[in-house]
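Below is one structure; the comments refer to it alone.
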Amino acid sequence: MFFEWLSKQMIHEGISQSILVSGESGAGKTESTKMLMQYLAYMGGRAAAEGRSVEQQVLESNPVLEAFGNAKTVRNNNSSRFGKFVELQFDKRGRISGAAIRTYLLERSRVCQVSDPERNYHCFYLLCAAPPQDVEKYKVGNPRTFHYLNQSNFFELSGVDESEEYLATRRAMDIVGISHDEQDAIFRVVAAILHLGNIEFAKGTETDASEPKDDKSRFHLKIAAELFMCDEKSLEDSMCKRVMVTRDETITKSLDPEAAALSRDALAKIVYSRLFDWIVNKINNSIGQDPDSSLSIGVLDIYGFESFKTNRCLTGMLLFSSFT
Ligand SMILES: Nc1ncnc2c1ncn2[C@@H]1O[C@H](COP(=O)(O)OP(=O)(O)OP(=O)(O)O)[C@@H](O)[C@H]1O
Ligand SMILES: [Mg+2]
């Protein structure tokens, strides 16, 4: 009823509307947002013969973004680790004519740090459960063998068939306009991050220098470079060395093993968050915005706060720090 009233308000009064979905983690914000979007897509949808691509793409953007931005937490097996604002644009007749998705503050630290009973982002586990030819191609396999995943003892989600989810995510990517080559590149990056995480460092020959610890680490470095399609030595240097550019010169400083491990994690986090932004951008480009639209309904699905009795007043600060 409320949504019906809202869309009528927009069309008859000519006023754009916004809905903020708020609540604790696990309260049902994302599920409600999806139902709301389904309702709006149905109400503002075109007849099948006119082509339903915009609303279909908007709906199918959800499984794609959830695969890369949601993870199991203590409170919720499918917790959003980013904020999402979807703006559905309508033409004068009240039909969906475009959409824009904006995302906020993806939790980067999760990429390289997880603890019981949580998990890393779903996409890592989906890829490990991919059909054999993909597992072979991306050099993945048992999630228990990857440092970025095995810091927690939780790998499976009850009631979820990861291999089916992998295929479903790929189908959703097809619908939102991500080509097969682009999908391949996305999963190469996901796999490369897992291999990056397995590179350990030991003291190098020079003072305060570091190098891959053993053959196992060299193997993962080689695979990561292949998947990133970059030079292996440059990838190693990006973790074991720091380049400082001053006005007059460029100074290269060797890093000790601890600092190299930190720069490996920093690299994994930045690459993952750029990948996420790239996917959002790609979806926006393929859905397309309507420059003539003056009416829109925006829906904001925030990441839920985890409210504990003992740290009520700190929740905001913790929330802020955990997302940086
Ligand atoms: N309307 C619903 N019907 C069926 N199940 C639901 C519904 N709403 C929520 N759930 C269940 O609760 C779980 C958590 O819901 P949801 O992911 O929407 O929470 P959230 O508020 O978005 O949490 P977070 O802030 O962690 O992202 C869902 O995975 C689902 O199992
Ligand atoms: Mg959510």
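The values are calculated or read from the model by the stated rules, or taken from the named source; none is laboratory data. Quick caveat, the model's predicted, so the values are computed rather than measured. As a convention, Cβ positions derive from the backbone with ideal geometry for all residues, glycine included, and neighbour counts pool all protein chains shown.
Residues being over 19 Å from PHE124 (Cβ atoms) and either within 16 Å of the chain's Cα centre (by Cα) or aromatic (Phe, Trp, Tyr) (or both): count how many of those fall in the stretch 63-85.
Number satisfying all stated conditions: 3.
Provide a single number: the residues in the stretch 123-144 that are part of a loop (DSSP other than H, G, I, E, B) and closer than 20 Å to PHE276 by Cβ.
Matching residues across the stretch 123-144 total 3.
Might you let me know whether the stretch 82-101 holds any residue that is in contact with a helix residue (DSSP H, G or I) (Cβ under 7 Å, 6 or more places away or on another chain), more than 14 Å from ligand 2 (Cβ to nearest atom) and assigned to a loop (DSSP other than H, G, I, E, B)?
Within the stretch 82-101, one or more residues are in contact with a helix residue (DSSP H, G or I) (Cβ under 7 Å, 6 or more places away or on another chain), more than 14 Å from ligand 2 (Cβ to nearest atom) and assigned to a loop (DSSP other than H, G, I, E, B).
I need a count of the residues in the stretch 1-46 that are farther than 30 Å from GLU306 by Cβ and either small (Gly, Ala, Ser) or within 13 Å of ligand 2 (Cβ to nearest atom) (or both).
Residues that pass the stated criteria total 6.
Could you list, ordered by first residue, the pairs with Cβ atoms under 7 Å in which the first is in the stretch 75-93 and over 20 Å from LEU36 (Cβ atoms) and the second is within 13 Å of ligand 2 (Cβ to nearest atom) and of a type outside the set (A, V, I, L, M), at least 6 apart or interchain?
That search, which allows pairs on different chains as well, returns ARG75/SER25; ARG75/GLY26; ARG75/GLU306; ARG81/GLY69; ARG81/ASN70; ARG81/GLU107; ARG81/TYR303.
What strands (runs of 3 or more DSSP E), lying completely within the stretch 213-314, carry at least 1 residues that are free of Cβ contacts under 8 Å to residues at least 40 places away in the same chain?
So the answer is 241-245, 250-254.
Here are some conditions: (1) of a type outside the set (S, T, N, Q); (2) away from ligand 1 (no atom under 16 Å from the Cβ); (3) surrounded by 19 or more Cβ atoms within 10 Å (Cβ to Cβ); (4) at pLDDT 95 or above. PHE90 meets all but one. Which one does it not meet?
(4)
For the stretch 232-242, check the following and say yes or no: at least one residue is over 18 Å from ALA130 (Cα atoms), aliphatic (A, V, I, L, M), in contact with a strand residue (DSSP E or B) (Cβ under 8 Å, 6 or more places away or on another chain) and buried (at least 21 other Cβ atoms within 10 Å of the Cβ).
Taking every residue of the stretch 232-242 in turn, at least one turns out to be over 18 Å from ALA130 (Cα atoms), aliphatic (A, V, I, L, M), in contact with a strand residue (DSSP E or B) (Cβ under 8 Å, 6 or more places away or on another chain) and buried (at least 21 other Cβ atoms within 10 Å of the Cβ).
Take the stretch 8-35 and flag every residue that is more than 6 Å from ligand 1 (Cβ to nearest atom), of a type outside the set (Val, Ile, Thr) and surrounded by 15 or more Cβ atoms within 10 Å (Cβ to Cβ).
Across the stretch 8-35, the qualifying residues are MET10, SER16, GLN17, SER32, LYS34.
Against the condition more than 14 Å from ligand 2 (Cβ to nearest atom), in a helix (DSSP H, G or I), within 23 Å of LEU106 (Cα to Cα) and at pLDDT below 95, how does LEU59 come out, does it pass?
When the stated conditions are applied, LEU59 passes them.
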